[in-house]
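Asks: Let me begin by handing over the structure; questions about it come next.
The values are calculated or read from the model by the stated rules, or taken from the named source; none is laboratory data. Keep in mind the model is a prediction, meaning the values are calculated, not measured. Methodologically, a virtual Cβ is constructed for each residue, glycine included, from the backbone with ideal geometry; neighbour enumeration extends over all protein chains shown. When the accessible area is computed, the model is the full protein with side chains, heavy atoms only, and any ligands, DNA or RNA have been set aside. Shrake-Rupley method; radii C 1.70, N 1.55, O 1.52, S 1.80 Å.
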Amino acid sequence: MPEHAQILPGTLDLLILKAVSLGPLYGYGILLRIEQISHGALLIEQGALYPALFRLVRQGLLKPHWDTSENNRRTKFYELTAAGRKRLRQEEDGWNRLVAAIGSALKAQPEEI
Amino acid sequence: MRVFASLRSVVSALLHRSLVENEVEEELRAHIQDRANDLERSGVPRAEAERRARLEFGGYQKYKEEIREAQGTHFLETLIQDLRFGLRMLRKSPGFAAVAILTLALGIGANTAIFSMVNGVMLSALPVPDAQRLVVLHWTAKKRPKQLDSNGFGDCDVERNRGEGVASCSISYPIFQALQSRANVFSSVAAFAGPVQLALSGNGAPSTVQAVLATGDYFTTLQVHAVIGRTITPSDDAAAAAPVAVLAYGYWKSAFGGLPSVIGRSVFLNNIAFTIVGVADPSFTALTPGKSQDMWIPATMAPRVTPADWDIKLDVDHDTWLLAVARLKVGVSIGQAQAAANVVFRNEVLHGAKPFFTEDADPRMAVTQAWSALSYERDRIAEPIYVLGLAVGMILLIACANVAV
């Protein structure tokens, strides 16, 4: 089983956006999907999801709507807005650039200096 | 229309605050239930599943609080955003800003002025101590008496002729005397009339003054004192007494320079010599709100100083010209006072020396609190003030609408 990595604060928002980008989800479903796509490597305290969701809705990146779920319960679903989609792309690019930069920095060999 | 949108969101935020809280609770609890269900499905017993689900969720109250805080700041954030936007708009068009500020200032200013006036007029108290126990004595009758010479000065508003019947605030001197001597429910009874306009000479250039005729007990009934000298006493109001005058404070300042040497000076009112014996307390501008006078002189001087065509006599029942004001004795209610005064009144007008009502006219005396009866100012100003108030209110509304759009 892969090691559990501590989730960095700002990245929770990114993970939520990614999870929702794959299809509208409700709170618990978002949690499951994050666990799924990160292969269980990323731990978050479940309750922390909700302030983050509220923030993202406030910032206009997510849009909530009430609907009935599979077991006929009134549930709040979230989906990505256009602004959310744009933000996701930006964050992904930024993240990839960061990873590439750090990765190459870490690969530095003594001869290259 | 951004204003309306903001207004709507503020109102809905305030109204739906609890609704949103319920929704949040619903969502969080649903999450925990889902997690418990999943755990149960994977073989964990229900009770244990729920416990673990709650544990994994973390601090329920903490997260609820975080959401609530975020909501609070959200409200503040949007407010600040709107304010900033508004300020930017104003800075971009200073002309509009100037007009908006001006119209709002006008609207607010006018409303404040009118309200102060209303406050002053409609809610003003009488400028005498213990005004609650001061009452006015007035009367009604179903039929007009054969002869009624009435003089009123607008102090009290029950004066009106209702078809056959009559209601009046004015009484005659003999009736006043009867009430004063025989109505035991009052600690003192006084009467006054006026102001009447008199020609004054003996103090520089001749001028006209407004003088109120007051009976001897006037100042004691009202509990008004003199700031220098003395006030009118019953002995001044006797038939053969030397005429005296008490000056109003304001008049003393303006016409006599506020000099104490005015005491003992003589002036001529309608060519009759009066000695100035005192100046009234500055707080006593007039008994009836809205009226004013320069001085008070004894009521018994009335036949000598009033216009000849008024033909006021002190010994005739049908010459009604005085407004009677009395102070209730401690512990006496208005109802009791009214009953007692009525008895004296009816006695005098039906069975007195010169009765001037017949039984079938059913004359009755009524007693009303002075602050309510002395409605001179309210009567004059009430209607125009309401109209003005309404107009000014509309102006403010229009000003606001203008700025909003």
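Asks: Return the residues of region B:42-80 that are within 13 Å of chain A (Cβ to nearest Cβ) and charged (D, E, K, R); say none if nothing qualifies.
Replies: Matches in region B:42-80: B:Arg52, B:Arg54, B:Glu56, B:Lys62, B:Lys64, B:Glu65, B:Glu66, B:Arg68, B:Glu69, B:Glu77.
Asks: Would you check which residues across region B:16-26 are within 8 Å of chain A (Cβ to nearest Cβ) and modelled with pLDDT under 85 and list them?
Replies: Passing the criteria: only B:Glu23.
Asks: Only residues in region B:84-106 that are in contact (Cβ under 8 Å) with a residue 24 or more places away in the chain count as the first member; pair them with residues that are part of a helix (DSSP H, G or I) and open to solvent by less than 90 Å² (accessible area, probe 1.4 Å), Cβ under 7 angstrom, at least 6 apart or cross-chain, and list the lot.
Replies: From region B:84-106, the pairs are B:Ala100/B:Val403; B:Thr103/B:Ala399; B:Thr103/B:Val403; B:Leu104/B:Ala399; B:Leu104/B:Val403; B:Leu106/B:Ala399.
Asks: Taking B:Leu83 and the conditions (1) closer than 27 Å to A:Leu49 by Cβ; (2) more than 10 Å from every other protein chain (Cβ to nearest Cβ); (3) open to solvent by 40 Å² or more (accessible area, probe 1.4 Å), which numbered condition does it fall short on, given that it satisfies the others?
Replies: Just one mismatch for B:Leu83, condition (1).
Asks: Continuing with the same structure: Look at region A:14-56 and say how many of its residues are within 14 Å of chain B (Cβ to nearest Cβ), part of a helix (DSSP H, G or I) and small (Gly, Ala, Ser).
Replies: 5
Asks: Also: I need every pair where a residue in region B:193-211 that is under 26 Å from B:Thr320 (Cβ atoms) has its Cβ under 8 Å from the Cβ of a residue that is among the acidic types (Asp, Glu) and not in a strand (DSSP E or B), sequence separation at least 6 or different chains.
Replies: B:Pro195/B:Asp294; B:Val209/B:Asp294; B:Gln210/B:Asp294; B:Ala211/B:Asp294
Asks: If A:Asn72 satisfies every condition in (1) open to solvent by 20 Å² or more (accessible area, probe 1.4 Å); (2) closer than 18 Å to B:Glu21 by Cα but one, which is the exception?
Replies: (2)
Asks: Restricting attention to region A:57-77, and to residues there that are modelled with pLDDT under 90 and either under 14 Å from the mean Cα position of the chain (by Cα) or in a helix (DSSP H, G or I) (or both), which single residue is farthest from the other protein chains (Cβ to nearest Cβ)?
Replies: Here the residue is A:Val57.
Asks: Mind listing just one residue for me: the one in region B:27-41 that is closer than 13 Å to A:Tyr28 by Cβ and more than 7 Å from chain A (Cβ to nearest Cβ) and, of those, most open to solvent (accessible area, probe 1.4 Å)?
Replies: B:Arg29
Asks: Output the qualifying pairs, or none if there are none: Cβ atoms under 7 angstrom, residues six or more apart or on different chains, first residue in region B:243-269 and at positive phi, second residue open to solvent by 20 Å² or more (accessible area, probe 1.4 Å).
Replies: Pairs that qualify, where the first residue is at positive phi and the partner is open to solvent by 20 Å² or more (accessible area, probe 1.4 Å), are B:Gly264/B:Thr275.
Asks: If you check B:Leu323 against the conditions, is it free of Cβ contacts under 8 Å to residues at least 40 places away in the same chain and outside any loop (DSSP other than H, G, I, E, B)? Spell out how you get there, then give the answer.
Replies: Details: free of Cβ contacts under 8 Å to residues at least 40 places away in the same chain: no; outside any loop (DSSP other than H, G, I, E, B): yes.
In short, no.
Asks: Before we move on, is B:Leu90 away from chain A (no Cβ under 12 Å) and surrounded by 12 or more Cβ atoms within 10 Å (Cβ to Cβ)?
Replies: On the way: away from chain A (no Cβ under 12 Å): yes; surrounded by 12 or more Cβ atoms within 10 Å (Cβ to Cβ): yes.
So B:Leu90 fits the description; yes.
Asks: Here is a follow-up. B:Ala339: among the aliphatic types (A, V, I, L, M) and either in a loop (DSSP other than H, G, I, E, B) or more than 19 Å from B:Leu247 (Cβ to Cβ) (or both), yes or no?
Replies: Values: among the aliphatic types (A, V, I, L, M): yes; either in a loop (DSSP other than H, G, I, E, B) or more than 19 Å from B:Leu247 (Cβ to Cβ) (or both): yes.
So B:Ala339 fits the description; yes.
Asks: Go through (1) outside any loop (DSSP other than H, G, I, E, B); (2) closer than 22 Å to B:Phe274 by Cα; (3) of a type outside the set (Lys, Arg); (4) open to solvent by 20 Å² or more (accessible area, probe 1.4 Å) and name the single condition B:Ser292 misses.
Replies: So B:Ser292 meets the others, but not (1).
Asks: Just to check your reading of the model, which residue among B:Val367, B:Val349, B:Val387, B:Val343 is at pLDDT 80 or above, open to solvent by 30 Å² or more (accessible area, probe 1.4 Å) and under 24 Å from B:Gly154 (Cα atoms)?
Replies: Numbers: B:Val367 fails: open to solvent by 30 Å² or more (accessible area, probe 1.4 Å); B:Val349 fails: open to solvent by 30 Å² or more (accessible area, probe 1.4 Å); B:Val343 fails: under 24 Å from B:Gly154 (Cα atoms).
Result of the check over B:Val367, B:Val349, B:Val387, B:Val343: B:Val387.
Asks: Scan region A:1-22 for residues that are loosely packed, with under 11 Cβ neighbours inside 10 Å and at pLDDT 85 or above and report the count.
Replies: Total meeting the criteria: 0.
Asks: Which numbered condition in (1) part of a strand (DSSP E or B); (2) surrounded by 24 or more Cβ atoms within 10 Å (Cβ to Cβ) is the only one that B:Gly278 fails?
Replies: Result: B:Gly278 passes all but (2).
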